[in-house]
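Student: Got a structure for you, questions after.
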Amino acid sequence: MTTTHLDCRALDTADALRPLRDLFVLPAGVTYLDGNSLGPLPRATAARVAKAIEDEWGRGLIRSWNDAGWFDLPQRLGNRIARWIGAGQGEVVATDTTSVNLYKVLSAALSIAAQDAPKHRLVVSERSNFPTDLYIAQALCAERGYTLKLVEAGKIPHALAEGVAVLMLTHVNYRTGAMHDMAAVTSNAHAAGALAIWDLAHSAGAVPVDLRAAEADFAVGCGYKYLNGGPGCPAFAWVHPRHADRFWQPLAGWWGHAAPFDFTPEYRPAPGVARYLCGTQPVLSMLALECGLDTLDAALPHGGMQALRAKSLALTDVFIALVEQRCGDASLSVVTPREHARRGSQVCLARAEGAYAIVQALIARGVIGDFRAPDILRFGFTPLYTSFEDVWNAVEQLRQVLASEEWRRPEFNQRNAVT
């Protein structure tokens, strides 16, 4: 069935989430399909951060740790994130970066494994996992005497054999948009005597996640993608309560102390997930993340995650259909799963020639996606603000870039530092 421009406009007219687009600063003439890498600026953020700078910091000074509620921001924001990832209150902290938090939880998981299953010496992950996860695992495995085993996604069940201590996966693959069945994979890991760590960087706020129901052990994720917290804003960490008090995490800083303002020379870890904090928190970035979470919570009266997921799947279905309908002879292949249960909130296209340059030509036309080496054109669809007309426009611009071959122009083939 052919999808038309009018069809896309009709879908927008019927979209109950459409008013939420007004919560964001979206520049005129730009079709933004890169919220899976950096969410756009919420309209409320600039004023909120300005208030913190001018009033809370400027006039309140150090009193604002108490008077403005700065001190409990990690737990307060963690509790707001918890509802979107299937965690309980008091189980999540917003802090540090995804990489740092992964180091913390993988360290703790290896300590638990060393005690519960000392003969298990393997850490298993997906070969195409996001590189920072693999780098952190490589470093910790070398330090602790474990072996990191990388396998293709389809071979993960076979890799969960005797001797696996930890399975570490990203829920939605950053290069393909393929999504694991968290509950089934976690169950398989536990059956093999392994712990399961999940990176939710491309999941939190985008797809349904239920860590408690899946019986996961640890999870981390970032705040600047679908949570719209701004570049480099704090990430988050979740630890299942059954593990939270078993071990220190390795970055035993004063914010993770049970009573940081007692200033004792001996470390005494805070109970529960609070011990996964380390140093003084970045307040201005925390407050920007709070505004990002406000935009996500604005979807709750409209159906919450169920409504967001339904629109995400509709957006990506339309995009895939239009690409095949209008760019079908352009040597593009859809690498994102078509099956809804296996698809995140992005669509990735592969092209052997010119993938990077095509993305640059699209950006010059106001359609912002990104490129992932070696051959992936990646487009994210955030249902809070992405419209079906955005989808139509993106594919039309892609068709024109391919038909005109303007991507061959030299300026589009000069690699930027960030792709």
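The values are calculated or read from the model by the stated rules, or taken from the named source; none is laboratory data. Please read all numbers here as calculations on a predicted model, not as lab measurements. Neighbour counts run over all protein chains shown; Cβ positions are idealised from the backbone, glycine included. Keep in mind that these areas ignore ligands, DNA and RNA; they rest on the heavy atoms of the full protein, side chains included. Shrake-Rupley method; radii C 1.70, N 1.55, O 1.52, S 1.80 Å.
Student: Between E162 and E266, with labels modelled 7 Å along Cα→Cβ, what's the label distance in nm to one decimal, could you check?
Tutor: 4.3 nm
Student: For labels at A10 and H340 in the simple 7 Å Cα→Cβ model, what's the distance in nm?
Tutor: It works out to 2.0 nm between the two label points.
Student: Would you kindly derive the ³J(HN,Hα) couplings of the stretch 148-154 from the backbone phi angles with the Karplus curve 6.51 cos²θ - 1.76 cosθ + 1.60 (θ = phi - 60°), listing them in order in whole Hz, with x for Gly and Pro?
Tutor: Result, ordered by residue: 8, 10, 9, 9, 6, 3, x Hz.
Student: As an exercise, identify the trypsin sites (Lys or Arg not before Pro) in the stretch 48-105 lying in DSSP coil whose Cβ has no more than 15 other Cβ atoms within 10 Å.
Tutor: Sparse-neighbourhood loop trypsin sites (Lys or Arg not before Pro): R59.
Student: Which FRET efficiency, nearest 0.05, do R48 and D22 yield, Cβ-Cβ r, R0 22 Å? Write out the running numbers ahead of the final one.
Tutor: Numbers: r = 17 Å, r/R0 = 0.77.
After rounding, the FRET efficiency stands at 0.85.
Student: Just need log10 I(q)/I(0) for the chain at q = 0.08, 0.12, 0.14 Å⁻¹, Debye formula, equal scatterers on the alpha-carbon atoms, no solvent, rounded to two decimals.
Tutor: Taking Cα atoms of the chain as identical point scatterers yields -0.46, -1.00, -1.28.
Student: Here's a follow-up. Obtain the nm distance between the two label points defined at T147 and D329 by a simple spin-label model: each point lies 7 Å from its Cα along the Cα-to-C-beta direction.
Tutor: Rounded to a tenth, the inter-label distance reads 5.2 nm.
Student: Additional query: Hey, can you rank 11-22, 314-325 by average C-beta count inside 10 Å, highest first? List each step's numbers first, then the result.
Tutor: Values: 11-22: 14.8, 314-325: 19.8.
Ranking, from highest mean packing down: 314-325, 11-22.
Student: Read phi for every residue in the stretch 67-75 and hand back ³J(HN,Hα) as whole Hz from Karplus 6.51 cos²θ - 1.76 cosθ + 1.60, θ = phi - 60°, with x for Gly and Pro.
Tutor: Each residue's phi maps through the Karplus curve to give 5, 9, x, 5, 4, 9, 4, x, 6 Hz.
Student: Which aspartates and glutamates have a Cα less than 19 Å from the Cα of K149, not counting those fewer than 8 places away in the same chain?
Tutor: K149 reaches E126, D133, E162, D199.
Student: Right, here's the next one. What ranking do 205-211, 304-310 get when scored by the average of other Cβ atoms within 10 Å per residue, highest first? Kindly include the intermediate steps, with their values, before the conclusion.
Tutor: Working: 205-211: 23.1, 304-310: 17.4.
Highest-to-lowest ranking by the protection proxy: 205-211, 304-310.
Student: Right, another one. Mind telling me which of Y226, Y276, Y103 comes out most flexible in a GNM of the chain, alpha-carbon contacts under 10 Å?
Tutor: Per the Cα network of the chain with a 10 Å cutoff, Y103 tops the list.
Student: If you don't mind, there's one more thing I want to ask. Rg and Dmax of the stretch 57-166 over Cα atoms: what are they, in angstrom?
Tutor: 18.6, 60
Student: Additional query: Determine by what factor the alpha-carbon radius of gyration of the stretch 260-419 differs from 2.2 N^0.38 Å, reporting the quotient. Each step should come with its number before you reach the end.
Tutor: On the way: Rg = 21.2 Å, N = 160, 2.2 N^0.38 = 15.1 Å.
Normalised Rg, Cα atoms only: 1.40.
Student: Under a 1.4 angstrom probe, counting protein chains only, how are T170, T176 ranked by accessible area, largest first? Numbers along the way, then the final one.
Tutor: Values: T170 10, T176 35 Å².
The ordering from most to least exposed comes out as T176, T170.
Student: Mind ordering 360-366, 186-192, 146-152, 285-291 by average Cβ neighbours within 10 Å, highest first?
Tutor: Highest mean packing first, the order is 285-291, 360-366, 186-192, 146-152.
Student: Then there is this: When the dipole is taken about the Cα centre of the stretch 311-417, and only Lys, Arg (+1) and Asp, Glu (-1) are charged at their Cβ, what size is it in debye, to the nearest 20? Before the final figure, lay out each step's value.
Tutor: On the way: 13 positive and 13 negative charges, 51 e Å.
Approximately 240 debye in magnitude.
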